[in-house]
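Asks: Dumping the structure here so I can ask a few things about it.
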Amino acid sequence: MKRSIAVSLVIMGAAATLTACEDTTINSSVYTSVDECEISYDYSRERCEQDFAEAQKAHAKFAPAFKSQTDCEAEFGQGKCEPAKAENAAAASSGGSHSSFVPLMMGYMMGSRMGTTDRSMAPQALYRPSNTSNFVNSNGASVASKVGRMTMSGRSEAARAPVGHTKSLARGGFGSRSMSFAG
């Protein structure tokens with residue numbers, strides 16, 4: 001192979017790699033209810049309802065689970081936790097009669113890539129830890145401090161799909177580095 005062709009192929013490969021790594025901007029919104037979403041006029045009622053239902057399914061499956069209600073309430077506040085549903089990966093893996101507790105879903109996030117109306121991010125359930133005014137997703141990433149529109153990087157932790165937790169968390173475990181995740 002000629003040297004000029006080899007160099008051209010290397011340059012083309014590098015350009016393709018850089019294009020693939022290009023960051024995208026996601027137009028997203030945070031709402032606490034379907035009605036709040038509809039009132040914003042950013043989305044149709046149908047889209048608000050559909051994304052809320054998907055966020056509820058994600059909540060049932062991916063919500064951070066705690067070994068006890070006390071541990072959950074230490075992170076999310078008194079009266080802001082409920083028994084985990086069977087779909088929750090942490091509850092399912094705990095086995096036996098041991099029940100897990102998850103925070104109440106306090107809102108949801110929906111979004112699409114800049115310049116499109118198609119979804120580029122699955123709707124996510126959001127939670128509010130007691131020590132902050134920020135909404136966080138099931139991975140513990142801070143999403144927003146208020147409802148409404150926002151933009152975020154496609155590389156943001158907040159834009160990443162939820163990850164199933166493989167075990168219940170002990171007190172102080174949510175958002176910590178010691179969590180185990182399903183791969």
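Asks: Could you check how many residues of the stretch 118-153 are of a type in the set (Ser, Thr, Tyr) and without any contact (Cβ under 8 Å) to a residue 40 or more places away in the chain? Steps first, answer last, please.
Replies: Just the residues of the stretch 118-153 that are of a type in the set (Ser, Thr, Tyr), to begin with: 120, 127, 130, 132-133, 138, 142, 145, 151, 153.
Filter once more, so that each one left must be without any contact (Cβ under 8 Å) to a residue 40 or more places away in the chain: 132-133, 142, 145.
Within the stretch 118-153, residues that are of a type in the set (Ser, Thr, Tyr) and without any contact (Cβ under 8 Å) to a residue 40 or more places away in the chain number 4.
Asks: Let me ask something else about it. Can you tell me which residue within the stretch 144-167, out of those that are among the β-branched types (Val, Ile, Thr) and modelled with pLDDT under 90, is nearest to Asp71 (Cα to Cα)? Show your work before the answer.
Replies: Taking the stretch 144-167 first, the residues among the β-branched types (Val, Ile, Thr) are 147, 151, 163, 166.
Right, trim to modelled with pLDDT under 90 and you get 151, 163, 166.
On the way: Thr151: 33, Val163: 20, Thr166: 17 Å.
Ranking the qualifying residues of the stretch 144-167, first place goes to Thr166.
Asks: Give me the residue from the stretch 35-53 that is of a type in the set (A, V, I, L, M, F, W, C) and surrounded by 19 or more Cβ atoms within 10 Å (Cβ to Cβ) and, out of that set, nearest to Leu126 (Cα to Cα).
Replies: Per the criteria, the residue is Phe52.
Asks: Quick one: would you say Ser120 is under 15 Å from the mean Cα position of the chain (by Cα) and modelled with pLDDT under 90?
Replies: On the way: under 15 Å from the mean Cα position of the chain (by Cα): yes; modelled with pLDDT under 90: yes.
Yes; evaluated as a whole, the condition is true for this residue.
Asks: Of these, Ala53, Ala65, which one is small (Gly, Ala, Ser) and modelled with pLDDT of 95 or more?
Replies: Ala53
Asks: How about the stretch 85-103: which of its residues are hydrophobic (A, V, I, L, M, F, W, C) and either modelled with pLDDT of 90 or more or closer than 17 Å to Asn139 by Cβ (or both)?
Replies: Scanning the stretch 85-103 gives Ala89, Ala90, Phe101, Val102.
Asks: Say whether the condition of being of a type in the set (A, V, I, L, M, F, W, C), loosely packed, with under 13 Cβ neighbours inside 10 Å, modelled with pLDDT of 50 or more and within 22 Å of Met152 (Cα to Cα) is met by at least one residue in the stretch 20-31.
Replies: Looking through the stretch 20-31, at least one residue is of a type in the set (A, V, I, L, M, F, W, C), loosely packed, with under 13 Cβ neighbours inside 10 Å, modelled with pLDDT of 50 or more and within 22 Å of Met152 (Cα to Cα).
The values are calculated or read from the model by the stated rules, or taken from the named source; none is laboratory data. All of these numbers come straight from a predicted model, not from anything done at the bench. All Cβ positions, even for glycine, are placed from backbone atoms using ideal geometry, and neighbour counts span all protein chains on display.
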